[in-house]
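Below: the structure, in structure tokens.
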Amino acid sequence: MANGKKKKSKKKLFIFGGIGLLLVVLLIVAFVGGNKEEIVSVQTEKVEKRTITQTVAATGKINPEFKVAINPEVTGEIIELPVKEGDIVKKGQLLIRIKGDQYVAQKERLEANLQSAKASLKMREAELTKVELDYNRLKELHSKGLASDSELESSKSNYLSTKASYQAAEANVDQSQASLKEIMDQISKTSIRSPMDGVVTKLNVELGERVFGAGFSMGSDIMTISDLRNIEAVVDVDENDVVLVSVGDTANIKVDAFKDQEFIGIVSEIGNSANTTGLGTQQEVVNFEVKIKLIDPKNSLRPGMSCNADIETETVANILSVPIQSVTTRSDMPQMDQASGDGEDEGIIQVKTDKKNNFKPKEVVFLIKNGKAKSVEVETGLSDDNYIAVLKGLEGGEEVVSGSYKAISRELNDGMQVRVEEKRTNNTKK
């Protein structure tokens with residue numbers, strides 16, 4: 001019985017002793033591991049001189065540089081429509097004819113009115129001639145004392161009245177001629193002809209359809225004629241980028257319909273007024289319209305196609321540059337002291353600041369020296385999609401950390417131990 005109790009006591013002693021030994025080992029490992037310096041894996045690239053081209057990205061649509069919307073000036077039924085969408089037309093070619101029976105009827109009535117007015121004018125002319133001769137004869141008799149004053153005055157009054165009637169008849173003829181000219185102009189507008197050489201890019205009406213003239217608001221929009229030999233990209237540029245764009249800048253245009261083809265263009269016009277969407281909301285966007293004249297020798301582009309433009313705003317050659325992801329920001333952290341005292345102030349971190357309380361972050365890159373990271377403050381300039389120019393802080397030839405993004409933006413600090421890895425490349429076997 002006593003021997004059994006002794007055996008159980010020894011067994012417990014071994015178990016607790018083993019647990020205690022294990023805890024000691026774990027504490028030692030944790031202590032040693034905690035004091036071991038952290039090593040960050042990075043990739044590097046050499047600081048070299050390159051050509052940097054700053055670009056502004058924008059999206060928009062392809063449009064003809066010259067296009068004319070055709071609207072009728074008279075109302076009526078379409079009785080002739082010799083063109084269809086996509087047809088090539090010449091200047092002066094008939095596009096549409098509108099039924100003008102009502103205008104023809106008005107013309108005939110006005111022609112009759114004009115003939116009547118002319119006949120009345122001839123009658124008044126003959127009457128005036130007779131009255132004028134009588135008046136002149138009476139004046140001569142009066143001068144010889146053969147006619148009284150009252151007879152002369154009556155003849156003069158009759159002459160002036162007849163002359164006024166003749167002038168009124170003349171005005172009536174002029175008015176009838178003007179009305180006839182106006183209706184003739186309306187009749188001529190029943191036939192609409194192309195104002196330029198181009199292509200019918202939009203046709204909104206059918207034969208037999210009734211259209212409304214310009215007297216009804218803007219009139220019916222019947223078709224659009226476009227000059228597809230002169231094409232431009234109309235893109236929206238953000239308000240922060242439009243100040244970088246100038247007339248004459250080169251642009252590379254990618255059209256969604258031609259994925260493997262790139263078009264070259266020149267900025268021809270920059271809008272002066274903004275196009276604002278989502279006004280007064282958090283999604284408010286302010287853009288400016290920029291027109292880019294395109295070079296399309298095959299005339300393959302069509303109005304309305306979506307496009308993306310990269311406008312080259314400035315180029316600097318032979319300038320020191322680093323990968324754009326190598327540049328990060330670090331703040332000049334203010335000195336922090338822990339407040340001493342009791343109660344509510346205990347444990348509060350007090351930040352010592354200057355009077356302006358202005359902490360401006362600085363741009364830095366990390367160089368590799370003797371296996372450690374060294375932060376260097378730099379001043380940057382232009383950038384493209386891959387590289388950014390360095391104006392101050394580097395001399396060229398240094399190894400700058402180019403990856404990973406996590407290491408550059410979060411993990412790296414000045415003096416930290418690093419391990420340089422080779423850049424990963426995507427090798428695809430054919």
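Just a few scattered comments:
- Set Ile183, Ile192: member being among the β-branched types (Val, Ile, Thr), in contact with a helix residue (DSSP H, G or I) (Cβ under 7 Å, 6 or more places away or on another chain) and surrounded by 13 or more Cβ atoms within 10 Å (Cβ to Cβ): Ile183
- Some residue of region 82-95 being small (Gly, Ala, Ser), over 23 Å from Asp185 (Cβ atoms) and in contact with a strand residue (DSSP E or B) (Cβ under 9 Å, 6 or more places away or on another chain): yes
- Close pairs from region 228-250: first surrounded by 13 or more Cβ atoms within 10 Å (Cβ to Cβ), partner among the basic types (Lys, Arg), Cβ under 6 Å, at least 6 apart: Glu232/Lys291; Glu232/Lys293; Val234/Lys61; Val234/Lys291
- Filter pass, Ile270 being under 30 Å from Gly396 (Cα atoms), modelled with pLDDT of 90 or more and of a type in the set (Val, Ile, Thr): no
- Given (1) assigned to a helix (DSSP H, G or I); (2) modelled with pLDDT of 90 or more, number of the condition Leu207 does not satisfy: (1)
- Looking across region 349-375 at every residue that is touching a strand residue (DSSP E or B) at 6+ places or on another chain (Cβ under 8 Å) and of a type in the set (A, V, I, L, M, F, W, C), the one that is modelled with the lowest pLDDT is identified as Ile349.
- For region 155-190, the set of residues classified as assigned to a helix (DSSP H, G or I) and of a type in the set (Lys, Arg) consists of Lys156, Lys163, Lys181, listed by residue number.
- Subset of region 285-336 that is in contact with a Lys or Arg (Cβ under 6 Å, 6 or more places away or on another chain) and polar (S, T, N, Q) - its residue that is modelled with the lowest pLDDT: Gln335
- Among the residues of region 368-393, those identified as closer than 15 Å to Val322 by Cβ and over 39 Å from the mean Cα position of the chain (by Cα) are Ile368, Ala373, Lys374, Ser375, Val376.
- Boolean, Val255 is touching a Cys at 6+ places or on another chain (Cβ under 7 Å), closer than 30 Å to Ala57 by Cα, of a type in the set (A, V, I, L, M) and touching a residue at least 60 places away in the same chain (Cβ under 8 Å): yes
The values are calculated or read from the model by the stated rules, or taken from the named source; none is laboratory data. On a predicted model such as this, the values are computed, not experimentally measured, just so you know. Cβ coordinates were reconstructed from backbone atoms using ideal geometry, including for glycine residues, and neighbour counts include every protein chain displayed.
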